[in-house]
2 protein chains.
Amino acid sequence: MAADANFIVTTYRVEGATDLEKKAKSIAVGLTVGTWTELPADKQKTMAPHLGQVVDVKELPPAADGTPRGEITVGYPVINVLPDIPALLTTVFGKLSMDGSIKLVDVDLPEAFEAQLPGPRFGVEGVRERLGVEGRPLLMSIFKQCIGMSLEELKEAYQAQIDGGVDLVKDDEIFFADEQAPAVERVKTFAALNREREEQTGVKTLYAVNLTGPVDQLVDRARRLVEAGASCLLLNVLPYGFDILHRLAAHPEISVPIMAHPAFAGAVYSSPNHGLSAPLLLGKLMRWAGADMVLYPSPYGSVAMPREEALGVAEHLRSEQPHHRRALPGPAAGIHPGLVPVLYRDFGTDVLVNAGGGIHGHPQGSTAGGKAFIAAIDAVTEGRSLEEAAADHPELRTAIEKWGVLVH
Amino acid sequence: MAADANFIVTTYRVEGATDLEKKAKSIAVGLTVGTWTELPADKQKTMAPHLGQVVDVKELPPAADGTPRGEITVGYPVINVLPDIPALLTTVFGKLSMDGSIKLVDVDLPEAFEAQLPGPRFGVEGVRERLGVEGRPLLMSIFKQCIGMSLEELKEAYQAQIDGGVDLVKDDEIFFADEQAPAVERVKTFAALNREREEQTGVKTLYAVNLTGPVDQLVDRARRLVEAGASCLLLNVLPYGFDILHRLAAHPEISVPIMAHPAFAGAVYSSPNHGLSAPLLLGKLMRWAGADMVLYPSPYGSVAMPREEALGVAEHLRSEQPHHRRALPGPAAGIHPGLVPVLYRDFGTDVLVNAGGGIHGHPQGSTAGGKAFIAAIDAVTEGRSLEEAAADHPELRTAIEKWGVLVH
Ligand SMILES: [Mg+2]
Ligand SMILES: [Mg+2]
């Protein structure tokens with residue numbers, strides 16, 4: 001039923017249900033028309049198009065303690081749902097999220113419904129075009145400190161980062177209280193540095209400014225930031241809600257790429273028995289709602305996502321789809337130059353290499369840290385080893401001496 | 001530190017950390033100024049007010065498999081955070097939500113910060129005043145079916161519900177596609193029925209209309225619904241985001257109580273090792289953001305919340321606080337008239353008795369179902385047994401014959 005035009009097809013993993021078929025049926029009826037068998041025949045006729053359908057049930061091997069496990073697939077009539085993420089989530093996992101041990105692992109949308117969701121306005125190709133960078137992973141640097149810093153200090157830190165050759169720089173996602181360096185001032189200041197860099201070197205940079213404030217004013221704030229010269233917006237999607245991402249992405253005047261931060265996402269994807277799968281939450285939903293780039297835990301750092309899930313997120317962000325551009329995955333945390341070959345092997349070319357400590361922790365500073373990364377990225381895309389490239393790039397050599405090269 | 005004016009005090013339960021003190025320290029530094037020991041002394045001086053503090057660490061008994069467990073309490077400088085839920089959640093559980101086995105169990109706010117959050121505009125007393133009902137639990141009926149129903153059918157169902165004596169009627173939270181009975185038409189139609197009821201009997205009713213649509217238009221939509229005669233708004237808070245609840249509650253023209261639905265909340269509170277505790281999510285956060293009434297799973301139904309948690313939610317909603325009105329808990333699911341004595345014993349007078357099947361499933365229909373509930377509610381507040389009350393109230397007797405009386 002995955003390709004069905006009339007149903008939103010959802011898959012759940014459940015524990016503890018002894019009769020999967022009955023459980024599936026009660027979901028299909030309970031979360032659509034509410035009641036069925038007791039309806040009079042003529043009412044059943046008018047209600048039939050709104051009735052959920054059991055698509056599939058499958059027993060899974062029981063849990064270690066013998067608890068039965070299963071997979072249930074239910075189709076929700078698309079005519080019951082509005083084309084937005086809140087309506088979708090409330091319908092397929094509103095009440096059901098509270099129904100014991102149940103995890104929403106996948107959702108497939110009818111094409112005509114999916115087409116009504118914005119998807120990325122820029123996507124991989126649009127971001128590359130803005131940067132003028134082809135054929136290699138993009139490099140992003142994260143400010144080491146934002147809170148408590150003056151505009152002058154941040155300006156200096158910004159310059160040091162772009163001098164290292166990074167493609168993007170992003171605010172810290174926890175940067176809310178910014179009286180000393182208000183967002184609009186940062187945007188103006190860093191845009192000027194970006195212009196200067198471009199005039200001198202021809203190289204472009206995007207600055208992802210943290211979009212904060214009352215949710216009903218975020219569209220206006222984003223518009224004003226774009227007017228002031230913003231080149232990219234950073235949004236904490238879960239805390240603010242998926243729908244504001246949708247509205248920002250769909251707004252004609254907010255003509256810059258949007259970078260989704262996964263703050264709070266762990267509260268939803270981490271449990272094996274509750275919430276949503278990471279690939280659905282950070283892959284499908286983020287892309288449907290319009291994220292051009294999505295940050296999430298890499299499989300490498302101390303804050304790590306299991307490898308298969310991290311690849312699953314990237315797969316959903318970048319798969320070819322009829323209506324939506326491909327989005328750029330940014331598997332972050334624990335990234336240093338010596339990890340670039342593994343990252344490249346796992347995620348390929350269309351990936352955002354996202355580093356904080358791996359740039360600022362370089363023994364010669366943030367600029368050298370950026371250069372080391374660029375040398376590593378160039379090496380892997382040219383098929384050379386980091387050791388080979390390090391011979392021509394002292395910054396990379398120093399980075400390898402500090403962090404090593406991940407061998408796999 | 002709970003009463004500290006300068007820190008937001010948060011408590012986490014963690015598994016797997018062998019050095020709790022170290023873990024706590026890395027949270028306190030990493031999620032505020034980012035780095036500390038390597039800062040020059042003069043920079044430490046300017047950054048000190050922004051630095052997080054370890055308040056407490058406590059070992060807990062290890063998990064069954066020997067994994068160490070602990071409780072960590074961290075103070076975040078309130079000057080780092082804006083007075084809204086997205087800033088709060090991103091700061092205290094943004095990145096951290098993805099950091100392995102960690103659950104956010106509690107948050108205490110400095111009074112001056114809490115005062116900047118709206119809290120309920122009406123609260124328990126305001127809702128009672130609108131209804132003119134004192135000294136007994138309030139009764140709410142949930143439409144049995146909304147999706148696919150015509151306005152005429154819903155009107156009939158509405159009338160049957162209010163004829164039974166219920167105080168409130170609510171839409172199904174999954175009612176999005178309402179072309180046959182648009183929200184504004186429902187509001188006008190049911191408001192007329194409410195007026196008629198009041199003229200004839202002096203009894204007032206609130207109708208909680210499901211607020212849906214683009215999040216950046218919800219304030220306008222709410223305003224138009226209120227203009228059309230809406231007496232209460234139903235909001236799926238998690239899917240739309242806490243901040244839109246905040247903005248609706250704080251808006252001067254949206255002068256009706258707001259009822260929070262817990263759709264999707266199970267994705268966040270259900271896991272013992274991830275997400276947020278139910279009392280924090282559905283108690284504190286909902287009240288801070290401005291919910292007047294909060295629905296959530298009762299400890300009684302098949303979709304049940306553990307008793308202690310359900311009482312914890314109610315405790316946070318109703319505790320006396322310096323800046324915020326008390327909110328009304330609505331422990332729902334599995335409620336029938338025979339359960340009213342237990343509900344009353346557990347939750348007291350200031351509670352919303354919230355029933356769907358327990359009203360519509362009455363053998364004599366929805367009106368009799370409402371009457372049975374009111375008889376049960378009157379009985380418990382007068383200190384009479386249901387069996388005694390059933391002698392004078394045939395509808396209650398029939399209900400008890402069907403569902404029995406929960407003995408405890
Ligand atoms: Mg950060
Ligand atoms: Mg319902």
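Throughout, read-outs are computed from the coordinates displayed, never taken from laboratory work. Note that the coordinates shown come from a computational prediction; the quantities given were computed from them, not determined experimentally. Every residue, glycine among them, receives a Cβ derived from its backbone with ideal geometry; neighbour counts consider all protein chains shown.
With kT/(6 pi eta Rh) evaluated at 20 °C and eta = 1.002 mPa s, and Rh the Kirkwood radius from Cα pairs, the range B:88-170 diffuses with a coefficient of 123 µm²/s according to Stokes-Einstein.
Charge tally for A:ASP65 (other residues, Cβ to Cβ under 15 Å; Lys, Arg +1; Asp, Glu -1): -1. Put simply, the amide H of A:LEU60, placed in the peptide plane, has neighbours under 5 Å in A:ARG69, A:GLY70, A:GLU71, leaving out anything fewer than 5 places away on its chain.
Quick check on my link table: of A:LYS284/B:LYS25; A:LYS103/B:LYS170; A:LYS155/B:LYS22; A:LYS284/B:LYS144; A:LYS402/B:LYS22; A:LYS58/A:LYS103, which ones sit more than 26 Å apart, alpha carbon to alpha carbon?
Result: A:LYS284/B:LYS25; A:LYS103/B:LYS170; A:LYS155/B:LYS22; A:LYS284/B:LYS144 exceed 26 Å.
Using Cα-only point scatterers and the Debye equation, what is log10 of I(q)/I(0) for the range A:286-408 at each q in 0.12, 0.13, 0.16, 0.17 Å⁻¹, rounded to two decimals? Debye curve over Cα of the range A:286-408, log10 I(q)/I(0) at q = 0.12, 0.13, 0.16, 0.17 Å⁻¹: -0.44, -0.52, -0.75, -0.82. Around the Cα centre of the range B:146-216, unit charges on the Cβ atoms of Lys, Arg, Asp and Glu (plus for the first two, minus for the last two) sum to a dipole of about 240 debye. Here the Karplus relation 6.51 cos²θ - 1.76 cosθ + 1.60, evaluated at θ = phi - 60°, turns the backbone of the range A:20-36 into coupling constants of 5, 4, 5, 4, 4, 4, 5, 5, 4, 7, x, 9, 10, 8, x, 7, 9 Hz, with x for every Gly and Pro. Convex hull volume of the Cα atoms of chain B, normalised per residue: 151 Å³. Annotation for the range B:319-358 versus the range A:344-390: alpha-carbon center distance of 58 Å. For the options A:GLU38, A:GLU309, A:GLU198, a Gaussian network treatment of chain A with springs between C-alpha atoms closer than 10 Å singles out A:GLU38 as fluctuating the most. Counting only other chain Cβ atoms within 10 Å of each residue's Cβ, the peptide B:95-107 averages 5. Peptide B:303-314 has a mean of 1 when you count, residue by residue, the C-beta atoms of other protein chains within 10 Å of its C-beta. Need one number: % antiparallel among DSSP beta bridges in chain A, to the nearest 5. Of those bridges, close to 45 percent are antiparallel. Antiparallel as a % of all DSSP beta bridges within the protein assembly as shown, to the nearest 5? Counting DSSP beta bridges with both partners in the protein assembly as shown, the antiparallel share is about 45 percent.
Using the beta-carbon distance between B:GLU199 and B:ALA228 and R0 = 30 Å, what value does 1/(1 + (r/R0)^6) give for FRET efficiency, to the nearest 0.05?
Values: r = 19 Å, r/R0 = 0.65.
Calculated value: 0.95.
What do you get for the angle between helix A:366-382 and the principal long axis of chain A? Use alpha-carbon atoms, 0 to 90 degrees, nearest ten. That helix lies at roughly 70 degrees to the long axis.
Peptide packing: for A:185-191, A:247-253, the average count of neighbouring Cβ atoms within 10 Å per residue gives the ranking A:185-191, A:247-253, highest mean first.
Determine the dipole magnitude for the range A:7-114: charges of +1 sit on the beta-carbon of Lys and Arg, -1 on that of Asp and Glu, nothing else is charged, the reference point is the Cα centre, and the result goes in debye to the nearest 20.
Once rounded to the nearest 20, the dipole reads 280 debye.
Spatial offset of the range B:150-165 relative to the range A:14-52 amounts to 23 Å, using the alpha carbon center of each.
Across peptide B:168-174, the average count of Cβ atoms from other chains found within 10 Å of a residue's Cβ is 3.
Geometric descriptor of the range B:7-114, per residue, is 99 Å³ (volume of the convex hull of the Cα atoms). Roughly what % of DSSP beta bridges within the range B:29-183 run antiparallel, to the nearest 5? Roughly 70 percent of the DSSP beta bridges within the range B:29-183 come out antiparallel. Evaluating 6.51 cos²θ - 1.76 cosθ + 1.60 at θ = phi - 60° for every residue in the range B:141-155, the Karplus couplings come out as 10, 9, 3, 6, 9, 10, 4, x, 8, 7, 4, 5, 5, 5, 4 Hz, glycine and proline recorded as x.
Inter-copy label distances at A:GLU156, shortest first and taken from points set 7 Å along Cα to Cβ: 7.7 nm.
In the assembly of identical copies, B:PRO306 has its label point, taken 7 Å from Cα in the direction of the beta carbon, separated from the corresponding points by 2.4 nm (ascending, one decimal). A Förster distance of 22 Å, applied to the separation of the beta-carbon atoms of A:VAL105 and B:GLU179, puts the FRET efficiency at 0.10. Between the amide H of A:PHE7 and those of A:VAL78, distances stay under 5 Å, these residues lying 5 or more places away or on another chain, with hydrogens modeled in the peptide plane.
Expressed in Å, the radius of gyration and Dmax of the Cα atoms of the protein assembly as shown are 27.4, 95.
Using the Cβ of B:ALA192 as centre and a radius below 13 Å, the other residues enclosed give a net charge of +1, where K and R count +1 and D and E count -1. In this simple spin-label model, placing a label point 7 Å from the Cα along the Cα-to-Cβ direction at both A:ASP56 and A:GLU156 gives a separation of 5.9 nm.
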